[in-house]
1. Which of the numbered conditions does GLY56 fail, given that it passes all the others? Conditions: (1) assigned to a helix (DSSP H, G or I); (2) touching a residue at least 40 places away in the same chain (Cβ under 8 Å); (3) under 27 Å from THR199 (Cβ atoms); (4) within 23 Å of the chain's Cα centre (by Cα).
2. Could you grab me the full set of residues in region 220-250 that are surrounded by fewer than 17 Cβ atoms within 10 Å (Cβ to Cβ) and within 18 Å of the chain's Cα centre (by Cα)?
3. Go through region 9-23 and give me each residue that's surrounded by fewer than 14 Cβ atoms within 10 Å (Cβ to Cβ) and within 25 Å of PHE304 (Cα to Cα).
4. Could you check region 28-43 and list, in sequence order, the residues that are out of contact with any Leu (no Cβ under 6 Å at 6 or more places or on another chain), surrounded by 15 or more Cβ atoms within 10 Å (Cβ to Cβ) and assigned to a helix (DSSP H, G or I)?
5. Pull up region 78-101, narrow it to residues that are touching a Pro at 6+ places or on another chain (Cβ under 7 Å) and either without any contact (Cβ under 8 Å) to a residue 24 or more places away in the chain or not polar (S, T, N, Q) (or both), then point me to the one that is surrounded by the most Cβ atoms within 10 Å (Cβ to Cβ).
6. With of a type in the set (S, T, N, Q) and in contact with an Asp or Glu (Cβ under 6 Å, 6 or more places away or on another chain) as the only criterion, which of SER126, SER83 stands out?
7. Could you please let me know if GLU279 is touching a residue at least 60 places away in the same chain (Cβ under 8 Å), within 20 Å of the chain's Cα centre (by Cα), farther than 27 Å from TYR98 by Cα and assigned by TED's automatic domain parsing to the domain that holds TYR259?
8. Look through region 320-334, keep the residues that are more than 21 Å from the chain's Cα centre (by Cα) and crowded, with 16+ Cβ neighbours inside 10 Å, and return whichever of them is nearest to SER265 (Cα to Cα).
Amino acid sequence: MTVAYENLALLNKPFETEYKTAFSEFLQSGWYILGKGVGIFESEFAGYIGTKHAVGVASGLDALVLGIEALKLPKGNEILVASNSYIACPLSIVQAGYTPVLVEPDELTYNIDPSKLEELITEKTSAILVVHMYGKPCEMDAIIEITKKHKLSLIEDCAQAHGALYKGQKVGSFGDVSAFSFYPTKNLGALGDGGAILTNNDHVADNAKALRNYGSSKKYFNKIIGHNSRLDEIQALFLSIKLRHLDRINAHKEKLANYYDKHLSDEVIKPFRSSDYSEGYHIYNILYEYRDELKDYLKENKVFTEIHYPVAPSKQEGYQGVFAKEYYPLAEKIHRTTLSLPMSFYHTMDHIKYVTKMVNLFLEEKENGNK
């Protein structure tokens, strides 16, 4: 058996007929930028997450950058973010004109550790950017308490957490602004790039709409310096289709994750679970000290995996001198030992059983000294 990490053609096969119908209607409409489809999807997605507004943009990174800019925080101030986040997070902070301050993650969840936030808050801190890593919600109660205490803005990166719940509330509805990515591999993935900014604040929504369209609220009149970052009309139509199936996608991936949880050997560190949240199950990641050996063994046995992510932000060549220090031991441990196992909407239980079998076989051979 061969188990690819992902196969986007097979993943999208169940929606093919609906996609073709939508494309035909799109082609005949003659309106290809910020048309009816974008407006409909924005309304549907805001309703699904539970916010007043959704503003479609060109990518998840743009959702972060424009979302931060839309808050109109004092330029040059600091924004706290997890030290093990994807590079898009510190990048967005820098591009928006602020200074990223790295916070080590919680050892169990790999999300930003609320207990380490206050020691890093200074008079220049304006916001906390939380990342729901791998689809697991952050500890929002503790984080919100800190933002209120110190009068900070709260930004959510929900790029991996479409439909995830914290204590019954959808992530993306807690922050002053939240950012979603619709990159094709996401649980709610487009057939190209795309993103969205969500907020309950009317002014932030208006700012975001202007920022995505050259800084203009009225054609040819530019009140602010903006960007060209609009969600494609055709991608909005595809996303509306897939949004109707998102809960089913998440439920399928949860079923696969539950099998891994139950049957993978405890020799690897499996994802932490809590009754406080329902995950988005975007990525099933394990930690294992001999990660590269395991990855190679699985590849030899036709099981393909990914590493999210191999290099910590503080170690990225282009970011030397950006952060206050270079050594973040917890983040570096996660980046050094993490491995993402196949867990896509297109995978069957037989795929997952085979992956589990091969992981456990490697671990057994390793324990017996055969590796």
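The values are calculated or read from the model by the stated rules, or taken from the named source; none is laboratory data. Model, not experiment: these values are computed from the prediction. Here the Cβ is made from the backbone with ideal geometry for all residues, glycine too, and neighbour counts use every protein chain on show.
1. Looking at each condition in turn, GLY56 falls short on (1).
2. Matches in region 220-250: ASP247 only.
3. If we filter region 9-23 for residues that are surrounded by fewer than 14 Cβ atoms within 10 Å (Cβ to Cβ), which is where we start, we get 9-10, 13, 16-17, 20-21.
Hits for region 9-23 are ALA9, LEU10, LYS13.
4. Start the filter on region 28-43 by keeping residues that are out of contact with any Leu (no Cβ under 6 Å at 6 or more places or on another chain), which leaves 28-36, 39-40, 42-43.
When the remaining residues are screened for being surrounded by 15 or more Cβ atoms within 10 Å (Cβ to Cβ), the result is 34-35, 42.
GLU42 - this is the single residue of region 28-43 that is out of contact with any Leu (no Cβ under 6 Å at 6 or more places or on another chain), surrounded by 15 or more Cβ atoms within 10 Å (Cβ to Cβ) and assigned to a helix (DSSP H, G or I).
5. Taking region 78-101 first, the residues touching a Pro at 6+ places or on another chain (Cβ under 7 Å) are 79, 81-85, 87, 90, 93-94, 100.
Next, from what is left, pick out any that are either without any contact (Cβ under 8 Å) to a residue 24 or more places away in the chain or not polar (S, T, N, Q) (or both): 79, 81-82, 87, 90, 93-94, 100.
Numbers: ILE79: 26, VAL81: 24, ALA82: 29, ILE87: 15, PRO90: 26, ILE93: 24, VAL94: 16, PRO100: 23.
Across region 78-101, the extreme among qualifying residues is ALA82.
6. Values: SER126 fails: in contact with an Asp or Glu (Cβ under 6 Å, 6 or more places away or on another chain).
So the residue among SER126, SER83 that is of a type in the set (S, T, N, Q) and in contact with an Asp or Glu (Cβ under 6 Å, 6 or more places away or on another chain) is SER83.
7. Details: touching a residue at least 60 places away in the same chain (Cβ under 8 Å): yes; within 20 Å of the chain's Cα centre (by Cα): yes; farther than 27 Å from TYR98 by Cα: yes; assigned by TED's automatic domain parsing to the domain that holds TYR259: yes.
Judged against the criteria, GLU279 is a match.
8. First, the residues of region 320-334 that are more than 21 Å from the chain's Cα centre (by Cα): 320-329.
Now restrict to residues that are crowded, with 16+ Cβ neighbours inside 10 Å: 322-323, 328.
Details: VAL322: 40, PHE323: 37, TYR328: 28 Å.
Checking each candidate, the answer is TYR328.
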